[in-house]
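Have a look at the structure below, then the notes.
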Amino acid sequence: MPEGIKIRQVTKIYKTGSIEVNALIDIFLNIKKGEFISIAGPSGSGKTTLLNLIGCIDEVNSGEIIIDERDVTKLNGNQLALFRNKYIGFVFQDFNLIPVLTVYENVEFSLAIHPELKNNHKNLIMNALENVGIEDLYKRFPRELSGGQKQRVAIARALVKNPLIVLADEPTANLDSKNASNIMDIMKRMNEKYETTFIFSTHDNLVMDYAKRIVYLRDGKITEDTVK
């Protein structure tokens, strides 16, 4: 399964003093390149933990996560950071834009560690902004944007480096229904255009309606895996 994700018997335990919380327990999951998949479940089910492990933000206690035929569980901290920055884009529910940077600069920030793309920054950034329909807002600051516009900037920032995977953690949580639908339309279109794998963590029915596959988690375990 080239350029896909293989998750093999992954367990993640968080410790607070003498208390252990089993966030994920023996997770097995295959995600093919280009999937548009939702990880669903109630709060505390392990959705965000699973996204953080796939995104190389956190590390497993046991098991393997293989992305594009590379076992990321065997990478050290610096290697994880390089892999994450090169291959994975993130879209968060609270947008995570840098307030003192313009729209253009926020998207450019994602290219900071990609010197091989330096000579093409402007074209890449403006193309990413055009793809999400806000190329005319490139000089604005986050405080001058609506919630829907901020999330479009976040999507452009995630996609500008042409990642293998985009991870979206509750991407519609801070949006009204109209903006949420618009955002999902954009991500669906980008998924179809570039074959980028999109993985959502959500309990929003709208996101689940858009997803082509839903993996349900409860108490750190997969309880159902449904392909539409």
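Bear in mind these aren't lab numbers, they're just calculated from the coordinates by the rules spelled out. What you see is a predicted model, and the numbers here were worked out from it, not measured in a lab. Here the Cβ is made from the backbone with ideal geometry for all residues, glycine too, and neighbour counts use every protein chain on show.
Side notes on the structure shown:
- Sorted fewest first by neighbouring Cβ atoms within 10 angstrom, 157, 143 come out as 143, 157.
- Highest-fluctuation residue, 55, 147, 89 considered, GNM on the chain with Cα pairs under 10 Å: 147
- Between residue 79 and residue 181, the distance separating the two model label sites (each 7 Å from Cα on the Cα→Cβ line) works out to 4.7 nm.
- Relative contact order (percent, whole number), the chain, Cα cutoff 8 Å, 6+ residue spacing: 29
- Of all the options 72, 166, 100, the one that moves most in a Gaussian network model of the chain with Cα springs shorter than 10 angstrom is 100.
- Computed over the chain with a Gaussian network model linking Cα atoms closer than 10 Å, the most mobile of 178, 161, 12 is 178.
- Separation of the residue 9 and residue 144 label points, Cα + 7 Å toward Cβ, nm: 5.6
- Estimated inter-spin distance, residue 122 and residue 226, nm [label 7 Å along Cα→Cβ]: 5.0
- Label reach from residue 26 (point 7 Å along Cα→C-beta): in segment 186-228, amide nitrogens under 16 Å belong to 218-224.
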